[in-house]
1. Given only helices, namely DSSP H runs of n ≥ 4 each adding -39500 (n - 2.57), what is the per-residue ellipticity at 222 nm of the chain, to the nearest 500 deg cm²/dmol?
2. HN-Hα J couplings of region 277-283 from phi, Karplus 6.51/-1.76/1.60, θ = phi - 60°, integer Hz, Gly and Pro as x?
3. Using the C-alpha atoms of the chain, what convex hull volume per residue, in cubic angstrom, is computed?
4. Determine the share of the chain's accessible area contributed by carbon and sulfur atoms, expressed in whole percent, with a 1.4 angstrom probe.
5. Taking amide H atoms as placed 1.01 Å from N in the peptide plane, list the residues 5 or more away in sequence, or in a different chain, whose amide H sits under 5 Å from that of GLU56.
6. So what are region 88-137's ellipsoid semi-axes, whole angstrom, largest first, if each one is the square root of 5 times an eigenvalue of the alpha-carbon gyration tensor?
7. Using the Cα atoms of region 1-60 to build a convex hull, what is its mean projected area in square nanometres?
8. How big is Rg to Rh over region 146-229, alpha-carbon atoms, Rh as the Kirkwood inverse-mean-distance radius?
Amino acid sequence: MEVVGNTAGLDLGKRTYEMCLIAANGKITRTGGKTDFSGIETLCKKLQKDDVVAMEACSLAFRIERAIREKVGCRVIILNPGRLAIIFMSTRKTDKEDSLKLAKYLRSHEEDEMPIVTPPSDEEWARRKLLSEYRSLKSLRTKEINRLHAIFEHNGYTQFTRKDMCVPKNRENILPLLKEYEKEEAERLVERLIILEKQIEQLYQKINEETETDEKVQRLMTVPGIGPITALSYVAYIGDVNRFENAHQVSNFIGFVPKVDRSCTINRLGHITKKGNSLLRALLVQSAWSATRSKSGGALRDKYNYMAVTRGIGKGKSIVTVARKIGELLYTLLKNNQDYEPRKLIIPDENLSKLVEEALIS
């Protein structure tokens, strides 16, 4: 990689950082500091506009990358740590050594060889925080409902399900059945649920406001099974679709492609890699279930029925395949700026396939 100025390796910790700068003449300079506001301000003063900085991806890296880009204007490259492990395998591993290796890595590798992580824009970052908080509150609500349901079960009221605990009116009707301490505990749980549900509703309204003003999100919602949360998550985490050459790269980015083991005569496909964003992957699977159960599912529904019913493939594998197809379909819609058009799946005739195989064998 051709570098005009210095190359800097930045190793980030929770409260401190270590930076190693390698000048054009090979001189190495080390420095460090804190990752608070004053520390980042001092860090920016040590950099020049022609420098190139490398750091490993983390939540703190995106904040520091934004600060360096705005205050210094130099190039910042964020690298995927999962694909750099083999580079940093060493008997001597410290923050100073890692920063030095990052600086040397910039000089010894071309940019297209680096596992670069694209930093999100300000809009994408804000949407990710909104979706993350929404997911966190939904998870807390589920835990509280499970605890409330467990109290009723332990007191012998096994006729109630978790769905009964989700409706506020049902909770009010069955709460008087409990006595003494169990009733007090259940009342505290219900109070927390009321607060959580109110906050979840507020965040859901914000999500709807984001979807109403975004043309890309509205386009994705034309696909069966895709709601506002899934569409907004796809736009927030995928970002600019033009950075992907094809739909297969998007599936790899999400983590829907299978692990491959090929050696000599061995050709084995394992489970999906799950290396992408877990929230987006889970939402696409939920959307796949919705599409396969919808009358307007079209080719997606036919694909699932063909795999799960006709060919006898497991429901889990079939639904993951449909989820991957949905992820690739959303990429195609954004790439071509077009809405979804329902189509029927062309299923091959099994009898015809058998005749072709017999003819080839003979």
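1. Numbers: 14 runs with 197 residues, N = 362.
It lands at -17500 deg cm²/dmol.
2. Whole-Hz 3J(HN,Hα) from phi for region 277-283: 6, 5, 5, 5, 5, 5, 5.
3. Details: hull volume 88.5 nm³, N = 362.
For the chain, the hull spanned by Cα atoms encloses 245 Å³ per residue.
4. Details: 10730 of 21670 Å².
The C+S portion of the solvent-accessible surface of the chain is 50 percent.
5. HN-HN under 5 Å from GLU56: LEU12, LEU79.
6. Numbers: eigenvalues 216, 57, 15 Å².
Each semi-axis is √(5λ); the values are 33, 17, 9 Å.
7. On the way: hull surface 17.1 nm².
Result: a mean projected hull area of 4.3 nm².
8. Details: Rg = 18.1 Å, Rh = 15.2 Å.
My calculation puts Rg/Rh at 1.19.
The values are calculated or read from the model by the stated rules, or taken from the named source; none is laboratory data. Here the structure is a predicted model, which means the values were calculated and not measured. Backbone-built Cβ (ideal geometry, glycine too); neighbour counts: all protein chains shown. Remember, those area values only see protein heavy atoms, side chains included, never the ligands or the DNA or RNA. Shrake-Rupley method; radii C 1.70, N 1.55, O 1.52, S 1.80 Å.
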